[in-house]
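Each remark here refers to the structure printed beneath this line.
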Amino acid sequence: GSGLLDAGLAVTAARAAPAGTADLEVLQRATASSWDAGSPVELRIHLRNWGAATASGVQLSATVTGLEILSVASNVAGVVPTHSSTGLSAVVGDWAAGAELVLTVSARVTASDGVVSSSAQASGSATEATLVNNSHRLDPTAYVTEVSPAPGATDSGGGCTVAPTGQADAVLPLLALA
């Protein structure tokens, strides 16, 4: 499995799903060297069934703001995502317990202010242990208050950023697990 979804296991799926239920989880990760307009971005959308049963009729969709989707690829044969410039969808079908899907989205920043977001959600017709982890909103620039120094520059810190309100950066732990 992926480190990102293994983190999801620790956070949301540490409890065992009741027998006979599915438990879909959606998580996302964005990678970019810059959030300037025109810069390339790679977005990964992860879907996993943590439940003990097969999830049926599963569909995965996402919409982006401040980004233009250029292409979408799936790591699972037979799952062929479609996309527009601001959204994507994939008919996943029946999704076995423990099965994992990763959609890799190539995009570019369109926002002149560098503020981007992505909202992804999964749905299915099987009984689920919880629905709260079926969606995930990613705001990769929401907590960044400083940018890493340019090559050759010095940095006195450990690379962690803090939000203006003093909160720890919620994005970095997920990025570090990838």
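Annotations
- Electrostatic bookkeeping for SER39 treats Lys and Arg as +1 and Asp and Glu as -1; over the other residues with beta carbon under 14 Å from its beta carbon, the sum is -3.
- Packing rank of 118-131, 74-87, 31-44, where each peptide gets the mean count of other beta carbons within 10 Å, highest leading: 118-131, 31-44, 74-87
- Radius 12 Å from Cβ of ALA126, net charge of other residues (Lys, Arg +1; Asp, Glu -1): -3
- Given R0 = 45 Å, the distance between the Cβ atoms of ASP94 and LEU70 translates into a calculated FRET efficiency of 0.90.
- Per-residue HN-Hα couplings for region 94-99 [Karplus 6.51, -1.76, 1.60; θ = phi - 60°; Hz; x = Gly/Pro]: 6, 10, 5, 4, x, 6
Where a number appears in this text, it was derived from the coordinates with a stated rule and is not lab data. If you're wondering where the values come from, they're calculated on a predicted model, not measured in any experiment. Here Cβ is always computed from backbone atoms with ideal geometry, including for glycine, and neighbour counts include all displayed protein chains.
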